[in-house]
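The values are calculated or read from the model by the stated rules, or taken from the named source; none is laboratory data. As the structure is a computational prediction, the values presented were derived from the model and not from experiment. Counting neighbours? That spans all protein chains shown, and the Cβs are built from the backbone with ideal geometry, glycine included. Side chains included, ligands, DNA and RNA excluded: accessible areas come from the protein's heavy atoms. Shrake-Rupley method; radii C 1.70, N 1.55, O 1.52, S 1.80 Å.
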Amino acid sequence: MQVVREHDPSGRDVELFRRHFYSSGKGLGVEGSKGAELADGLTIKDGDYKLVKTRFSAFFATHLDSVLKTSGIKNLVIVGKHKIYI
């Protein structure tokens with residue numbers, strides 16, 4: 001399973017305080033944009049489940065909990081890549 005953060009180009013699924021970034025349809029993490037790409041070395045393979053999140057948490061307002069329960073998954077390995085801008 002891959003969890004990705006993607007947004008509608010209109011910004012309708014973005015937090016209210018960030019919507020102004022999407023007025024041009026080119027906000028961060030817009031589906032199909034460079035900002036929504038997976039980190040280098042990660043790919044979604046055939047048969048993988050792609051879970052799209054629109055908030056920082058993969059559990060908030062997603063189907064992750066039900067996917068895990070119905071699949072019988074009881075353990076998770078969580079990895080990620082963070083960029084720090086100073």
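For the chain, report the accessible area per residue in Å² (1.4 Å probe, heavy atoms, rounded to an integer).
Working: 7000 Å² over 86 residues.
The answer is 81 Å² per residue.
Of the solvent-accessible surface of the chain, computed with a 1.4 Å probe and all protein chains present, 56% belongs to carbon and sulfur.
Across the chain, Cα pairs under 8 Å and at least six residues apart give a relative contact order of 31 percent. A simple packing score, the average count of other Cβ atoms within 10 Å per residue, orders the peptides 50-62, 33-45, 66-78 as 50-62, 33-45, 66-78, with the highest score first.
Can you show me the helix-derived [θ] at 222 nm for the chain, built from DSSP H runs with n ≥ 4 at -39,500 (n - 2.57) apiece and divided by the number of residues, rounded to the nearest 500.
Working: 1 runs with 8 residues, N = 86.
That comes out to -2500 deg cm²/dmol.
Value of Rg to Rh for the stretch 1-44, rounded to two decimals, is 1.02; Kirkwood radius and Rg both from alpha-carbon coordinates. On the principal axes of its alpha-carbon atoms, the stretch 7-86 has extents of 42, 29, 27 Å, going from largest to smallest.
In this rough spin-label picture, where each label sits 7 Å from Cα along the Cβ direction, the S33-E15 distance is 1.7 nm. Residues Y22, Y49, sorted by accessible area with the largest first, give Y49, Y22 [1.4 Å probe; ligands and nucleic acids excluded].
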